[in-house]
Amino acid sequence: MTDQDTTGGTGDGPTPGELPSRTATGSSLPDLPPDAARRLAELEDRPGHKGMFTSDLSVNEFLLIKEVGFHPLGFVMGSSIYHLGIQTRRWSQSQELAKLTGAMYNARELAMNRMDAEADELGADGVVGVRLDVNYYEWGSDTAEFIAVGTAVKAEDGHSYRNNQGKPFTSDLSGQDFWTLMQTGHVPLGLVMGTCVYHIAHRGLGQTLRTAGQNVELPNFTQALYEARELAMTRMQVEANELGAAGIVGVRLEEKTHMWGDHTIEFLSLGTAVARAADDHRIPEPRTVISLDG
Amino acid sequence: MTRHTDLGPGRDPQAGLHQAMAALSAAPPGGRGVTSDLSIDETLLLHSVGWEPVDLVFGVSWWSIPWGAWQWQTGEIAEASSAFAGAFAEAAQQMREECAQAGGSGVVGVEIEMRVAAHHISIELTGTAVRRVDHHQAGFEFISDLSARDFALLTRAGWWPLSLVVGASFVVAPRRTARQWAAQQGQNTELPHLTEALYLAREGAMARMQRAGSDAGADGVIGVRLREGPLGHSARIMQFVAVGTAVHLAAGSHRPIAPTMAVPLDDAERTFEAASLRSSR
Amino acid sequence: MTTPESAAGEGNLSEGPNETAEPDGGVPDGGVPDEVLPEAAARRLGHGAWSSALSVPDLATSLALGFEPAGYVQGFSVRQWRWIGYYGAGFSPAAGMGAMVGPRVGPGEYSEGWRCPHGFVAGEHRVYGYNFEQAWVERSWAEAWGAAYTRMIEEAEALGAHGVIGVTDDMHYLAGTGAAEFSIRGTAVVVPGAPRPSPPFSTFLAGQRLAKLIEAGYAPVGVVAALSSVQMFGYCITRLQLSGSGAGTWSGGAPGVGAIVQVGKAQRAARHLAREHLRRQLGGDALHGATVTEFEQEIGEGDLAVHCTIKGTRVRRFKDFDPLPEPEPVVRLR
């Protein structure tokens, strides 16, 4: 799939190799707002002040994270409110909307970078249970808030789990999945994503009339949707490659029209890039059970 | 994580049932009856760590917010934040008193209902007071929204709940000036002043919750939920409320629970999953 | 404020539904005198095959435990229904300045009064405020619920059942009639070879939850429920607070941000009354798996009615807990 040929695409979007950079641009805000720094400072141990952690992990997740040798440091978050102006689209042509793709990507990056910065401030090795959300507010026309939250964790054995970019790893796995992943001898490297905003062409009147009453394949539509999904997934894989990942687990593809109407769709692909921790790892054999609770 | 309890071979469920039927013809024991909203699983798990239910307990508080608090300002609305804090503190205090009066040492599974209306904030707490089976009383110990199951699991691992901690902040979204609006129109760009306002409100709610945890002498706050969104009576006002349970490590060190992997053979899963917690809360 | 214990006086719910289900309870209060079943019920129950509302897993567990389904049983009661009204002589909520004589409550019932601190009188200024228990609502709710319950139990008895499991209850308004129907249903079961309790037991539980309850040493005695009803007539301070005009020079002592004392007390009283009404039906047994529902209605500017129901299964300990085997934590691979 990495060899996906994009020249066949109709859009003017970036090719998979030309991704928006991981260091998001276009913001006048510092990476770590002073209020956040103050809150995070209160979490840390220092003479005369007992530190503590905060976390949105459930008790189950908390205990499982502890079980694999991590201690939660603090609940971390990042957000960015973005104005998403509309890009002109050609009525009858399917194409990627590169500006919107860039904006969606950039806004999420800003939110994630701020979350990373909070985790970094805490000296974290990683962030688990990351959730990315998009909020819309009544008062903000064409604006959306991108928010990333998670729990910063640190390895208790002093070993560093930071990724090859020197950043804390991020992962959208639940505590249960995180524990299970570690049992399989893998470590998470980072939450990777790829996005593509695509305009699906409206059909001309002639076309509609010709196929009216028939259940025929609509090749243009099939191709456009195919293309958009492949672009999103390819970009996600490029991110994973940059992290030196062996693979991506828990990949999901979300399709949202946000506020653009039915024909403009964002295809967002998300997953956790992982690497093998050791080659000789033996996976414990799972037991089979029928549960009695419910 | 789920737990499996095999009640073991050699038990005769039907003998138990016959015994139960016989007990129904006996006279009621009399005295003050225990009330509890725990499920049987929770009751058993609680008992396995040496606790039992005593009574349903409540805490309710309504606080007023004066007219004008919402209208005449931008940024954080201090009246609303302090009304929230006051109402929560009062409701929690009542719950503690009811628990002590019922002879309990703590409250588990507290359900929190909070409403923010134009002129008042209401906090309503419902939970089950519990005490040690051996009736050893160490005074009032904790209030927690953890389920009895989470309580049992946590205490096994050497941790102990302390109290519910909350932090709230209410902000009015700043309006864009005409010039900002014009400059941003038609562009895909971040809106820094809005980003900042919401970011700070969230941080404010978290920081207050954290401080409450610190004051309780906690080692951490788990199960934090951030509730946020526009208020019903004004879309421009956003509320951010962080709630969690402050915990501390009571044993010298964390005790591993050593789970094993299991492949369930059930088709239709009707079991507890952590993910369901997140969405339901 | 009246404490819940002292409010638990005579004349409230001493004739609650479960009292009538006691062996010595006799004919239910408020129920129709039905020594015989309604004709339709008799016809249905006389039919050979049993029916059951249990799911297949619940049915399987019940069979394994030693229950045999005897039939689906139900009871109904339709009542003229209103939640508020009837204040007693001398009290009129419509009076602008409020009444000096509070609403009449029976002995031991909850009531509490407030008086304006302002010392000035104007047409719309409520000088007096009251919280009071509406025992007549509580009583009629208990009667209706008890009647439906008794009818269900009578169907179970007619089937020779030991008890009713998987009970559900409901109250809904019959559109346009001003009436409400109370209904209680469940699956009647027989325990072959076991002594038959009289009246039959009942429980909201079924299936493995019931199996675990009995395994843990609890016998289900019966489903119990109670409703409390508290009405609040706000005095001036409460009204000012609820309308947001608490802050201001003339409000004299109503703080801008502060506890709305009268509402808080009404809310707590409703919960405590429901809990104590219910406790009186327990006879020292325990209430298991309670559900608490509270709802309030605004009945005018600054006036509220607060209702609270608690229901659950009354259970009796018949043997001590066996120590629970240490549960084994597992992570499921989905």
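Key figures for this structure:
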quantity	calculated
Shielding by other protein chains, C:192-204, mean Cβ within 10 Å	3
Label-point separation in nm, B:His233 to B:Arg175, each point 7 Å along Cα→Cβ	2.1 nm
Heavy-atom accessible area per residue - the stretch A:34-276, 1.4 Å, Å²	37 Å²
Total formal charge among the other residues, if their Cβ is under 15 angstrom from that of C:Ala188, Lys/Arg +1 and Asp/Glu -1	-1
Restricting the stretch A:117-146 to GluC sites (Glu not before Pro) in coil, as DSSP defines it, with at most 10 other Cβ within 10 Å	A:Glu138
Cα Rg over Rh - the stretch A:34-276, Kirkwood	1.07
Among the listed pairs C:Lys212/C:Lys265; A:Lys50/A:Lys167; A:Lys66/C:Lys212; A:Lys66/A:Lys167, those beyond 28 Å (Cα-Cα)	C:Lys212/C:Lys265; A:Lys66/C:Lys212
Heavy atoms of C:Phe132 accessible to a 1.4 Å probe, total area in Å² rounded to 10	10 Å²
Solvent-accessible ranking of B:Trp67, C:Trp81, largest area first, probe 1.4 Å	B:Trp67, C:Trp81
With all protein chains modelled, accessible area of B:Ile257 [1.4 Å, Å²]	30 Å²
Sequence ranges A:92-103, A:36-47, B:93-104, C:141-152, ranked by mean other-Cβ count within 10 angstrom, highest first	C:141-152, A:92-103, B:93-104, A:36-47
Positive-end residue, the stretch A:34-276 charge dipole about Cα centroid, Cβ charges, pick of A:His71, A:Gly175, A:Val134	A:Val134
In the C-B interface, the accessible area buried, summed over both sides, Å² (probe 1.4 Å)	6700 Å²
Reachable lysines from A:Lys256, criterion Cα separation under 21 angstrom, eight or more residues apart if same chain	A:Lys99
Surrounding net charge for A:Thr211, when Lys and Arg each add one and Asp and Glu each subtract one, Cβ distance under 14 Å	+1
Accessible area buried, both sides summed, chains B and A with 1.4 Å probe, Å²	6100 Å²
Shielding score for B:80-93, defined as the mean number of other chain Cβ atoms within 10 Å	2
Cα-projected label distance for C:Trp83 with A:Arg282, points at 7 Å along beta-carbon direction, nm	6.6 nm
Accessible surface ranking that places the most exposed of B:Asp134, B:Asp219 first, with a 1.4 angstrom probe	B:Asp134, B:Asp219
Charged-residue dipole, Cβ positions (Lys, Arg, Asp, Glu), the stretch A:171-294 about Cα centre, Debye nearest 20	280 debye
Listed residue (A:Leu191, A:Ala103, A:Leu122) projecting farthest to the positive dipole end of the stretch A:34-276, Cβ model	A:Ala103
Summed side-chain charge close to C:Phe132 - residues other than C:Phe132 whose Cβ falls under 9 Å, Lys, Arg +1, Asp, Glu -1	-2
Carbon/sulfur fraction of accessible area - the stretch A:34-276, other protein chains in place, 1.4 Å, %	50 percent
Nearest-20 debye value, the stretch A:34-276 charge dipole, Cβ charges on Lys, Arg, Asp, Glu	540 debye
Other protein chain Cβ atoms within 10 Å, averaged over every residue that makes up A:34-44	4
Selection from A:Asn163, A:Ala148, A:Leu253, by position along the positive dipole direction of the stretch A:34-276 (Cβ)	A:Leu253
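The values are calculated or read from the model by the stated rules, or taken from the named source; none is laboratory data. Keep in mind the model is a prediction, meaning the values are calculated, not measured. No Cβ is skipped: glycine too gets one built from the backbone with ideal geometry, and neighbour counts run over all protein chains shown. Surface accessibility is based on the protein's heavy atoms, side chains included, excluding ligands, DNA and RNA. Shrake-Rupley method; radii C 1.70, N 1.55, O 1.52, S 1.80 Å.
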